[in-house]
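Peer 1: Can you keep this structure in mind? I'll have questions shortly.
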Amino acid sequence: MGVTDPAGPVMDRDEVDRALARLGAEHEAIETSLLALQDHAGRRLLEGAELTGSTKERWTAAEASITLLWAYFDAYTDALRSAREIRSRRRWSSRDDLVELTELLRGESVTVAGSATATANAPTLHGGSGKLSERFTLVTLVDRMNELYATSLDMVVAADAVWSALPARIDLLAAELQRTRRLAHSVGVRPGEHPAGDDLERITRTLTRLRAEVVSDPLAYWLPTPGSSAPGGGKPDTTVYDREARALEEVRREIDAVLTVRQDAEQRLVKLRDVLSRADRTLAEARTARGEVLAKIAATEVPVVSGPPTVLQEQLATAAEYRRHAQWHRLSPLLESLEEKAEDELLRARESLTAVTAPLAVRAELRGRLDAYKAKVARHGLAEDPFLIERYDAARRMLWSAPCDLRVAEQAVLRYQQAAAELLGSGRVPGPRAPEESGGPGA
C-alpha cells in the first residue's frame, strides 16, 4: 500500500480503477433514479396540485429534498469527473496522483455549499446546522442521496397510489349515486319525505367532501405497511369510500323494493282484499255457528266471536289511495304491514271458528263412535240384545236431542261401549235378562 495520509493507506492503481468503476456505476444508477423521479407522474401531479394538510407539509419537504438531491448529485458528478481526469493524465499514475486520488475517493473531498444544504425544510446530514458548507466522502454522499431519494420517492408513490385508486372510484360511485337519485325521485323517494332520500343526501355530501380531501391531501388516505422499508409500502385507505358504497347499495335495494311495489301493487291489493274478505266470512260463519252451538249444546261455554277490525279496512283504503296518487314510497311499507296483519287476521278468524264449533265436533265424534260400536255389535250377532238396544237408544236420544248435554251423552256412549265390550269379550249368546240387569236411561 505504501505510505498513508489522512484518508488512509494510499490506493494503488488497481484499487483506484476498481473504485472509479464502482463509483461510475453508482453514478449512472443514481442519475437514472433521479431522472425517473423527475418524470414520475405523481411528482408532476404534486407540483401542479393545490395541496393541504399533511400532504402539503410533506411535499414542501420532499421538494426541498429533491432540490438537495440534485445539488448532491452535481457535487458527486464533479468529484467523479475530477478523479477521472487525474487518472487519465498518465497510463501509470504517479505517487502524487495516487495520493490525490486516494484523498478524492476516500477522504471528505466533496464540498456542498451551505446555500444548498440549508434549503428550506430539507433534512440535512447535520440537522440544518447553518454551516456555510458541508464536506462529505463519496461513500457518505451516496448514502445521503439514497436516504433523501427513498423518503422523497415514498411520498411521491404514496400520493400517486391514492390519486390512482380513489378519485376514479369515487367518480364511478358518484355517477351511480346520480342514477339512483333520479330513480328515487321517480318513485317519490325524496329528502325529508323518506329515510332513503335523506340517506342519498348524506352520501352525496360525504362523497363530495371525500373527493375534495383525496385530491388536496392524498396522504391523509394512505395506510403505510407496518415495518415496511420499501418506498410506497402501503395501500390507500378506502374505509370511508367502502362505507358509503355499502350505504348506497342498501338505498338501491330499498328503491328496488319500491319499484317492485309499483309493478305489482294492484295484484297485492286484490290479494289483500281477498284475504280480509275470507277472514270476514270466517268470522261471520263463526258467529252463526256460535248461535247454533248455544241452541244445540247445553252446559257449554262458547267463546264470543269478535267482529272484523275496521282499522285494517281503513288502512287498505289508504293503500289504495297511495296507489292512485303514485305514492310508492308510502305504499311499500304499508303493503308489507297490511299483508302480515291480514294473514294474522285470517288465522285468528279460523281459530275462532274452530273454538266455537268444538262442541259440535265433539258431538259428531260421539255420534260416530256410537254408530261404529253398533255396527261392530251387529257383525257379531248381538244387534238384538235387549240390554244393548236399551243403552244404545238412551245414548242416541241424548246425542240427537237439543240442547245436548255433552257430558251426560258421553257417559251414555261409554256405558254402551262397556256393555258391548263385555258381551263381545264373554262370547255368550244373547238371551233374556232379568229386569234388574237391564237398567234404564238413568242407570
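The values are calculated or read from the model by the stated rules, or taken from the named source; none is laboratory data. Bear in mind that the values here come from a model prediction, so they are computed numbers and not experimental data. Note that we place each Cβ from the backbone using ideal geometry, even for glycine, and neighbour counts take in every protein chain shown. For the accessible areas, the whole protein counts, side chains as well, though only heavy atoms, and no ligand, DNA or RNA atoms are used. Shrake-Rupley method; radii C 1.70, N 1.55, O 1.52, S 1.80 Å.
Peer 1: How far apart, in nanometres, would the label points at residue 288 and residue 250 be if each is projected 7 angstrom from Cα along the Cα-to-Cβ direction?
Peer 2: So the two model labels end up 5.1 nm from each other.
Peer 1: DSSP loop (so not H, G, I, E, B), at most 16 other Cβ within 10 Å: list which GluC sites (Glu not before Pro) in segment 165-239 pass both filters. Can you show the working numbers first?
Peer 2: On the way: sites: 176, 193, 201, 213; in loops: 193.
Those that pass, being in a loop and sparsely packed, are 193.
Peer 1: Expressed as an acute angle from 0 to 90° and rounded to the nearest 10, what is the orientation of the C-alpha long axis of helix 406-426 relative to the principal long axis of the chain?
Peer 2: 80
Peer 1: Same structure again: Describe numerically, in nm with one decimal, the distance between label points set 7 Å from Cα along Cα→Cβ at residue 22 and at residue 343.
Peer 2: 8.2
Peer 1: What is the angle, in °, between the Cα long axis of helix 138-186 and the longest principal axis of the Cα atoms in the chain? Nearest 10 is fine, range 0 to 90.
Peer 2: The answer is roughly 30 degrees.
Peer 1: On to the next question. To the nearest Å, what is the center-to-center distance of segment 373-393 and segment 157-183, using C-alpha atoms only?
Peer 2: 91
Peer 1: Dividing the Cα convex hull volume of the chain by residue count, how many Å³ per residue is that? Show your work: numbers first, answer last.
Peer 2: On the way: hull volume 147.9 nm³, N = 443.
In the chain, the Cα convex hull volume per residue is 334 Å³.
Peer 1: Hand me the GluC sites (Glu not before Pro) from segment 273-368 located in a DSSP loop with no more than 13 other Cβ atoms within 10 Å, in residue order please. Numbers along the way, then the final one.
Peer 2: Values: sites: 285, 292, 301, 314, 321, 336, 339, 340, 343, 345, 351, 365; in loops: 301.
Sparse-neighbourhood loop GluC sites (Glu not before Pro): 301.
Peer 1: While we're on this one: Compute, for segment 271-326, the length of the dipole vector about the Cα centre, with Cβ point charges of +1 (Lys, Arg) and -1 (Asp, Glu) only. Units Debye, rounded to 20. Walk me through the numbers on the way to the answer.
Peer 2: On the way: 9 positive and 7 negative charges, 43 e Å.
The dipole of segment 271-326 has a size of about 200 debye.
Peer 1: Any idea what angle helix 328-356 forms with the longest principal axis of the chain, computed on alpha-carbon atoms, 0 to 90 degrees, nearest 10?
Peer 2: The two axes meet at around 30 degrees.
Peer 1: Excluding residues on the same chain fewer than 8 positions from residue 341, give the lysines whose Cα lies under 19 Å from its Cα.
Peer 2: Partners within reach: 271.
Peer 1: Please report the carbon-and-sulfur percent of the accessible area for the chain; probe 1.4 Å, protein heavy atoms only, DNA, RNA and ligands left out.
Peer 2: Details: 12440 of 23700 Å².
That fraction is 52 percent.
Peer 1: Continuing with this model, one more query. For residue 327 paired with residue 260, estimate the spin-label separation in nm (one decimal), with each label point 7 Å from Cα along the Cα-to-Cβ line.
Peer 2: 2.3
Peer 1: Could you compute the FRET efficiency for residue 304 and residue 183, with r as their C-beta to C-beta distance and R0 at 51 Å, rounded to 0.05? Before the final figure, lay out each step's value.
Peer 2: On the way: r = 51 Å, r/R0 = 0.99.
It comes to 0.50.
Peer 1: Tell me the net charge near residue 249. Cut-off is 15 Å between Cβ atoms, residue 249 excluded, with +1 for each Lys or Arg and -1 for each Asp or Glu.
Peer 2: On the way: positive: 169, 179, 181, 202, 243, 246, 252, 253; negative: 176, 199, 242, 244, 250, 254, 256.
So the environment of residue 249 carries a net charge of +1.
Peer 1: Taking θ as phi - 60°, what are the ³J(HN,Hα) couplings along segment 303-315 by the Karplus curve (6.51, -1.76, 1.60), each to the nearest whole Hz, with x for Gly and Pro?
Peer 2: x, 6, 9, 7, x, x, x, 6, 5, 5, 5, 5, 5
Peer 1: Moving to a separate point now. Using the Cα atoms as the points, what is the convex hull volume per residue of segment 127-273 in Å³? Walk me through the numbers before you get to the answer.
Peer 2: Details: hull volume 21.7 nm³, N = 147.
Spelled out: Cα convex hull of segment 127-273, divided by residues, is 148 Å³.
Peer 1: For every helix of n ≥ 4 consecutive DSSP H residues, a contribution of -39,500 (n - 2.57) applies; sum these over the chain, divide by its total residues, and give [θ] at 222 nm rounded to the nearest 500 deg cm²/dmol.
Peer 2: Numbers: 14 runs with 320 residues, N = 443.
Dividing the helical sum by the residues of the chain leaves -25500 deg cm²/dmol.
Peer 1: Let's test the formula: R0 of 30 Å, r as the Cβ-Cβ distance of residue 41 and residue 209. What FRET efficiency results, to the nearest 0.05?
Peer 2: It comes out at approximately 0.75.
Peer 1: Normalized C-alpha radius of gyration of segment 218-348, against 2.2 N^0.38 Å?
Peer 2: Values: Rg = 27.7 Å, N = 131, 2.2 N^0.38 = 14.0 Å.
Ratio of Cα Rg to 2.2 N^0.38 Å: 1.98.
Peer 1: Pull out the extension gain between residue 320 and residue 143, defined as 0.36 nm times the separation in residues minus the alpha carbon to alpha carbon distance; nm, one decimal. Present the calculation step by step, with values, prior to reporting the outcome.
Peer 2: Working: separation 177, 0.36 × 177 = 63.72 nm, distance 8.00 nm.
Between residue 320 and residue 143, full extension yields 55.7 nm more.
Peer 1: Placing unit charges on C-beta atoms (Lys and Arg positive, Asp and Glu negative, everything else neutral), compute the dipole magnitude of segment 131-221 about its Cα centre in debye, rounded to 20. Walk me through the intermediate numbers first.
Peer 2: Working: 12 positive and 13 negative charges, 52 e Å.
With only Lys, Arg, Asp and Glu charged at Cβ, the dipole is about 260 debye.
Peer 1: Taking the Cα centre of the chain as origin, sum charge times position over the Cβ atoms of Lys and Arg (+1) and Asp and Glu (-1), and report the length of that vector in debye to the nearest 20. Provide the component values of the computation, followed by the final result.
Peer 2: Numbers: 60 positive and 68 negative charges, 438 e Å.
The calculation lands at about 2100 debye.
Peer 1: Would you tally the net charge around residue 56, using a Cβ to Cβ cut-off of less than 12 Å, leaving residue 56 out, and scoring K and R as +1, D and E as -1? Mind dumping the intermediate values first?
Peer 2: Details: positive: 58; negative: 50, 57, 63, 217.
Value of the local net charge: -3.
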